[in-house]
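Report on one structure; see the data block that follows.
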Amino acid sequence: MAGRVKWVTDIEKSVLINNFEKRGWIQVTENEDWNFYWMSVQTIRNVFSVETGYRLSDDQIVNHFPNHYELTRKDLMVKNIKRYRKELEKEGSPLAEKDENGKYLYLDFVPVTFMLPADYNLFVEEFRKSPSSTWIMKPCGKAQGKGIFLINKLSQIKKWSRDSKTSSFVSQSTKEAYVISLYINNPLLIGGRKFDLRLYVLVSTYRPLRCYMYKLGFCRFCTVKYTPSTSELDNMFVHLTNVAIQKHGEDYNHIHGGKWTVSNLRLYLESTRGREVTSKLFDEIHWIIVQSLKAVAPVMNNDKHCFECYGYDIIIDDKLKPWLIEVNASPSLTSSTANDRILKYNLINDTLNIAVPNGEIPDCKWNKSPPKEVLGNYEILYDEELAQGDGTADRELRGRQGQPQGPKGSRLRDSRTILNTWK
Amino acid sequence: MPPEESDLSLIIAHVVQKLKGSSLYAQLERQAWASLQRPEIRLESLKEDIKEFFKISGWEKKLQNAVYSELSVCPLPSHPAAPPEHLKEPLVYMRKAQGSWEKRILKSLNSMCTELSIPLARKRPALEQKELLNKWNEMGTDEPDLSLFRPVYAPKDFLEVLINLRNPNYENGDSLGFRTHLGLIQVPLKVKDIPELKECFVELGLTTGQLGIDDSTQVPPELFENEHVRIGQKVLVEQDSAAAQQYIRQGSPTALRAELWALILNVSSQPEDVLYYEQLKTNVIQHDLLVDSLIYKDVKLTASNDDYYFVFEDYLYQVLLCFSRDTSVLGHFSYNSASPPKSYIRGKLGLEEYAVFYPPNGVIPFHGFSMYVAPLCFLYHEPYKLYQIFREMYVRFFFRLHSISSHPSGIVSLCLLFETLLQTYLPQLFYHLREIGAQPLRISFKWMVRAFSGYLATDQLLLLWDRILGYNSLEILAVLAAAVFAFRAVNLMEVTSLAAAEAVLADLSTLKVMPLLQIFLFATVT
């Protein structure tokens, strides 16, 4: 069984290839016998499609779940989270508790979102409740900030209303589908600039849910000072933090790439806001990631040949509340700076160590429980098996303080409920 | 009167005089008058009653902090008949060297001025003023043409001056002996050795808890961290500067650091402080100074490219431009060996009544100057608070890093301390580096001049600056520099050129400061 792992990829990035080569793996083509295939999302569609798909054998591993789009398409993610919340509400779970205004206390982490053109009328109703608000339009299937724009007037999206009235027989091409979300116009600013968080989360199995959070996430800063002023709504350099957009700005700097490590963010927040609120913020971030995964777990095809490394985009508002903006199935492996290259190289390295144990030919039947030593810069975010098996201890990510705390630790009165519901 | 007592009364008189001009004095006076209304104040025991009132209401504490603050910067007691230059710098040859260095800097500044035909200062036209006011929060986006401006000097120029310093009264002798100093600095100043440093930095010892060591993830917080945080909170409640200074020797918890530093530096943001900052801002809007372009260039070259500090670029302009115009900074020249450069109104060269200090605060920025401010942006996000803290840090500590003096925290002593530590405790390494033309000071000088800002990771830098505040001394910079060399000694022994040595020491961003210091001071066999 000591053959070398045969790998294929259709993404020509050095951070990937260097990692394969350093393990002494052998490159093959997809038509040959391969063990490990790092695919783009188009390819995974083909592998698992009804017409062109094929069965994977026990010694083959791929880097996407067949229907990852349940989480990574903006409209489906929102749909799944809404469904999850309703289910919890029906069950009477304390997680689904609401406040006096009808807002979920613990599960309100996605900005109000509607699908267009399908929910156009519902959207208009919501829009009229607060007509001075800004909304962000995002095409469902695109990435890197493409096709995104902001609106603050209904007239700006008339196109979608016209379509919905006239196209009841015309099948809506998914390429034209948009989501419209309430724009967070009070983001937390540092140095006067807006930023978002990119965090990497590795999921090795959905049922039972086992996921890992990469410790070295980063913040992406806009190069231009943030202003909520309506005159700058068209200036994408102010509002969108995607590096793909920012790097065309005049002030883009290639040394630091407008990025901060998450530990810088933590240092800054602890120094200026205090430890408790900072810990609470980070606990909440972990919470919303786990909840988003739990939301899609029931509908995910938990194919044992699969693992996936997601790029989570999170924005923090000025009340230190984190919001989940979207989840990426193919987080960029392009490096914009030297530090970036090192980070992404290590990310792939640690990911491979967990997904392909010992760098040997995989057996997809293994229990997907790697020993602690191989985690590298990953930390266990949530392990459903461990959490359920052991009745007293929490196995989820803890803050440095060593206190096991879901972010609900301070809010729920019954401590036994914390343990039960967190699992 | 015995000598110690006369020294003491001299100091007291000095401190009282300093405080009489401060707003605290006015406040105390007001409070004393107001207290006469109180029932517990009786005419027969007026003095004691008022004192008691001050004690209970916390005003005594404020006075105590102010006195403590003055004592921290107060020059050592000297003979009452000593001239003011002695307070600045007692050694004549040092004063002379500083004087000629200043002449050089000023000449360089003036010639840049003439070459570029830019006045040292000019009033901004109204339109420009309005534009600048609108852009106040994002001056970083301005792209003026700075290509013709050069920094007035860089640390390595300053190093050359220090290398050539000589005490004319000191004869070294030509023969090399056991005690010959092999480093670049060739002046006889007293520096501490490791046993003395151990005494001085006793709280950094192996048996005392430290933040930066005993708060790492493997150590359970109950052992040290939790208690330390609790004590820190108590110190803040008491608002006692001296206690804070003692406490911070073991490091400051991140959440308490901003307040602790403010307490130690005796900076409290009163409304008049905010107003003062706004006044400085108005000065910036109304007048343009040549040094502004130097500041601009410096920020663009250093902080804007830094992984940690690029975010705060705009704050740096807001602080440094105001700093240049702050004439209250001139006060520190009474104990700084440097003197503010003088310039004359156009056409009135040499006429004293038309002399002004230039820049108004007397400090000409050099390459890397903005890095003194950058780390503070992690702690304070209101510009006026950031400004006050920086100004206080400058007039207490940073000025010593770029003026020639014999003070134990002056850059000359720090260089000598560094070299002596290396030569005494790592002789093989020192000798090897010297042989390959890589004098260690050539590499470590820039670290010390910048107080390691921009070289260490920010959280480590802040732990280091905690100790600067705690011990009221910059000597720790020299000790850290030596400790870094000790840490990388194995690799350094293998290099064969200055460039290779620089490469080994190019990246300090992964270093953990406190373990390095502890090992060097307390765990090395001496």
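The values are calculated or read from the model by the stated rules, or taken from the named source; none is laboratory data. Remember, it's a predicted structure, so these values are computed and weren't measured experimentally. Don't worry about glycine lacking a Cβ; one is built from the backbone with ideal geometry, like all the others, and counts go over all protein chains shown. Surface areas here come from the heavy atoms of the whole protein model, side chains and all, with no ligands, DNA or RNA. Shrake-Rupley method; radii C 1.70, N 1.55, O 1.52, S 1.80 Å.
For this structure, a couple of remarks:
- Atom-type composition of the exposed protein surface of the protein assembly as shown places 54 percent of the accessible area on carbon and sulfur (1.4 angstrom probe).
- Sorting A:342, B:11, B:231, B:364 on solvent-accessible area from highest to lowest, probe radius 1.4 Å, gives A:342, B:231, B:11, B:364.
- Accessible area of residue A:93 in the full protein assembly, 1.4 Å probe (Å², nearest 10): 20 Å²
- A full extension of the chain between residue B:196 and residue B:356 corresponds to an added length of 53.2 nm, given 0.36 nm per residue minus the alpha carbon distance.
- In this view, the solvent-accessible surface of residue B:89, computed with a 1.4 Å probe and all protein chains in place, comes to about 0 Å².
- FRET efficiency for residue B:164 and residue A:373, using Cβ-Cβ distance with R0 set to 60 Å, rounded to 0.05: 0.60
- Compared with the alpha-carbon gap, the fully stretched path from residue B:328 to residue B:499 is longer by 57.3 nm at 0.36 nm per residue.
- FRET efficiency, residue B:117 to residue B:382 (Cβ-Cβ, R0 41 Å, nearest 0.05): 0.60
- Per residue, in Å², the accessible surface of chain B once ligands and nucleic acids are set aside, probe 1.4 Å: 47 Å²
- A simple charge model with +1 on the Cβ of Lys and Arg, -1 on the Cβ of Asp and Glu and nothing else charged puts the dipole of chain B at about 1200 debye relative to its Cα centre.
- Dipole size of the protein assembly as shown about its Cα centre, with +1 on Lys/Arg Cβ and -1 on Asp/Glu Cβ: approximately 1560 debye, rounded to the nearest 20.
- Spin-label zone in segment B:362-378 - amide nitrogen under 16 Å from a point set 7 Å from the Cα of residue B:273 along the C-beta vector: B:376-377
- Inter-chain shielding of A:4-11 (mean C-beta neighbours from other protein chains, 10 Å cut-off): 0
- Relative contact order [Cα under 8 Å, 6+ residues apart], segment B:380-526, whole percent: 26 percent
- Chain B - percent relative contact order, Cα under 8 Å, separation 6 or more: 19 percent
- For residues of B:219-226, the mean tally of beta carbons on other chains within 10 Å: 1
- Each residue, residue B:47 and residue B:71, gets one label point 7 Å from its Cα in the Cβ direction; the gap between the two is 2.2 nm.
- Leading residue at positive end of dipole, the protein assembly as shown (Cβ point charges), from B:430, B:132, B:45: B:132
- Residue B:206-residue A:263 FRET efficiency (beta carbon distance; Förster radius 22 Å; 0.05 resolution): 0.20
- Mean separation of Cα contacts under 8 Å, 6 or more apart, over the residue count of segment B:3-74: relative contact order %: 35 percent
- Taking the charge dipole of chain B about its Cα centre, with +1 at Lys and Arg Cβ atoms and -1 at Asp and Glu Cβ atoms, the residue from B:496, B:472, B:333 reaching farthest to the positive side is B:333.
- Mean per-residue shielding of peptide B:311-324 is 2, counting Cβ atoms of other chains within 10 Å of each Cβ.
- Rounded to the nearest 10 Å², the accessible area of residue B:217 at probe 1.4 Å: 100 Å²
- Centre separation in Å (Cα based) which lies between segment A:96-111 and segment A:183-214: 20 Å
- Under a model in which nothing but the beta-carbon of Lys, Arg (+1) and Asp, Glu (-1) is charged, segment B:355-471 shows a dipole of about 160 debye around its Cα centre.
- Stretchable slack from residue B:218 to residue B:509, in nm (0.36 nm times residue separation minus alpha-carbon distance): 102.6 nm
- Note on surface exposure: B:425, A:183, B:372 rank B:425, A:183, B:372 by accessible area, highest first, 1.4 Å probe.
- Mean-position separation - Cα centroids, segment B:305-319 and segment B:478-526, in angstrom: 29 Å
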